[in-house]
Ligand code: SF4
């Protein structure tokens, strides 16, 4: 029997690495590297290499399940779809369409996300969102406002052309390892690397200038750098005059933000701030890479806008080696947002609050009564479930019971729903709270397009059949929609993409036939357009074609260390796990390397707590307490502790306070105390 190589995209991070699944006798027998892939060039990190471990996993869901007492009963698809229609339909009849909320999945394809948001809106509910709310909602809000487009401005390989790379709030060496190869390539060619992070990490080891700032003080650092750049005349006056608005207001707002003042707030020395500012502004081509270290804050939108300000006043946009680069977490979080699986936007970032949007989609979808938004965000849905304003939820491929902050509160909210249907590949903590569980397919068992962090749309082919009676998410969503009498006749992913070509201008020229290895980078407005790897090279899609420089006042974190909770807890990723861990914690080669929840503590703090490396400890915040092993590390400063968020305990501790605009919760700063368990 011959071995067939099926091209696919890694199901984990937003780098979107490509590889082949080797299939023999309808079984996956291994991975083969895709040497000509434009981002990964044949490389994969430990997660990508372990991706097949979840495909045939023994804990995969293989049949629809309905709750029976404390357990589950296997049921047919016919019964399952009937129950889904009844549960959602009853909620709609009883309390109106806005009492149903939908969570789409950034693990699913573009086509599936398009269908789930279309289903939500055709049923009359404005409430559809995805896990971007927990990672890069501030990028959507902040970049749309300042630059007019919510995506990475330059492609990943372009980083190699940077002469100065400023990485803020991203441990990309561990979390996007294949992207860090491009940083190394730039460094080998002489680029200077600046890293700003509260922790010393594998990424900070790459740095020529390391700014170890206090958690939650990014705006102070960025304003201090802007002050230095303006004071020393390092800005690009011609670029500012030609391409931007609002510079004078920014200059006034940072007039008093001296490096000394920024140093006092951030804990970084004034000299280091000046050095970083000079290096970033003076290089001929500087790029900024950032991730959830700056977005997962109550000041997440402010942080993104302050990043844009720096790039705009130095003219580091629109050219090779420059740019503002949000590194997305999940493999299709960019695509889920592009497809309108967001509370504020219909597909293509058309504002849900704009009557023109409603008019456009009423015509495109031949539908009456489409809801005006914005709808509830993912975090607001949980509040609405608690208050009773939302009575039913349809959750696809997300695990808010583990991924949302203050997770005990989330579990109570899910229990309060009249009806919860969860569509996933494993029995997650969220699925355990459901009335009905629908077994979906993993990425390798279906086809469709995924959009990586650099806006590159790539096709992933089907390599295998799903286990048991599991179905692709497209098929399940279509069956649910058909049960409501909706015209969801989409025989394959390509037919959905054909509709996306018509309704999402950025994807107008991105057809199935054109998505061979390497894909296409949006915007791609027509069938003969080559795609747009670099944004903003000839102005901005904002009023007068100019970017908006927005002054950003510094606001301290909501919680600060105090007598009762003397440490600042910050959270983030570990190299071998991903998001809430529903896949990586089931992947034997990954879980063997990082099996348990740990808390990194500075050795000086540990000595005061009488804790040694490996000791069991209890970490407590105002929300609750959780158990973890102490991991002593000089990588965290005294007074700061770090926990990875891939294990169920971490988000018991985090706070639900959100950014006022992007509504992302504060995952990075919580006051906590630690005690040794005997
Ligand atoms: Fe997968 Fe990201 Fe690793 Fe690439 S860098 S193999 S996309 S997890």
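Values quoted throughout were computed directly from the atomic coordinates according to the rules given, and no laboratory measurement underlies them. Computed from a predicted model, the values in this text were never measured in an experiment. No Cβ is skipped: glycine too gets one built from the backbone with ideal geometry, and neighbour counts run over all protein chains shown.
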Value of [θ]222 nm, deg cm²/dmol, for the chain, DSSP H segments ≥ 4, -39500 (n - 2.57) each, nearest 500: -9000 deg cm²/dmol
Inter-site label distance for residue 90 and residue 249 at 7 Å from Cα along Cβ, in nm: 5.1
Length gained, residue 412-residue 528, 0.36 nm per residue minus C-alpha separation, equals 36.6 nm
Over what distance in Å are the Cα centres of the stretch 205-264 and the stretch 18-55 separated? 42
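Quote the relative contact order of the stretch 567-676 in percent (integer), defining contacts as alpha-carbon pairs under 8 Å separated by 6+ residues.
The normalised contact order for the stretch 567-676 reaches 38 percent.
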Within the chain, what percent of beta bridges assigned by DSSP are antiparallel, to the nearest 5? 50
Would you mind calculating the relative contact order of the stretch 137-326 from Cα pairs under 8 angstrom and at least 6 residues apart, reporting the percent as a whole number? 33
Using r as the Cβ-Cβ distance of residue 544 and residue 596, and R0 as 51 Å, what FRET efficiency do you calculate, to the nearest 0.05? 0.40
Considering the convex hull of the alpha carbon atoms of the chain, report its projected area averaged over all viewing directions, in nm², one decimal. 28.3
Here the gain from full extension of residue 367 to residue 79, 0.36 nm per residue of separation minus their alpha-carbon distance, amounts to 100.9 nm
For residue 208 and residue 627, extending 7 Å from Cα along the Cα-Cβ vector and measuring point to point gives, in nm, a value of 4.9
On the formula 1/(1 + (r/R0)^6), with r taken between the Cβ atoms of residue 555 and residue 26 and R0 of 41 Å, the FRET efficiency rounded to 0.05 is 0.15
List the relative contact order of the chain as a percent without decimals, with contacts defined as Cα pairs under 8 Å and 6+ residues apart. 19
Rounded if a/c is under 1.5, else prolate if a/b beats b/c, else oblate: with a ≥ b ≥ c from the C-alpha gyration tensor eigenvalues square-rooted, which is the stretch 4-54? oblate
Taking the Cβ of each residue in 146, 372, 511, 322 as the centre, tally the other Cβ atoms inside 10 Å and list the residues starting with the fewest. 372, 511, 146, 322
Cβ-Cβ FRET estimate between residue 353 and residue 537, R0 fixed at 35 Å, reported to 0.05: 0.70
Stretch gain in nm, segment residue 634-residue 661, where the contour uses 0.36 nm per residue and the Cα spacing is subtracted: 6.2 nm
Tell me the label-point distance for the pair residue 58, residue 383, using the 7 Å Cα-to-Cβ offset, in nm and rounded to one decimal. 4.4
Please list, in order, the residues from the stretch 243-287 whose amide nitrogen is less than 13 Å from a point placed 7 Å along the Cα→Cβ vector of residue 189. 284-287
Descending Cα extents along the principal axes, the stretch 137-326, whole Å: 40, 35, 32
Going by how many other beta carbons lie within 10 Å of each one, how would you line up 219, 560, fewest first? 560, 219
How do 474, 328 line up, fewest other C-beta atoms within 10 Å first? 474, 328
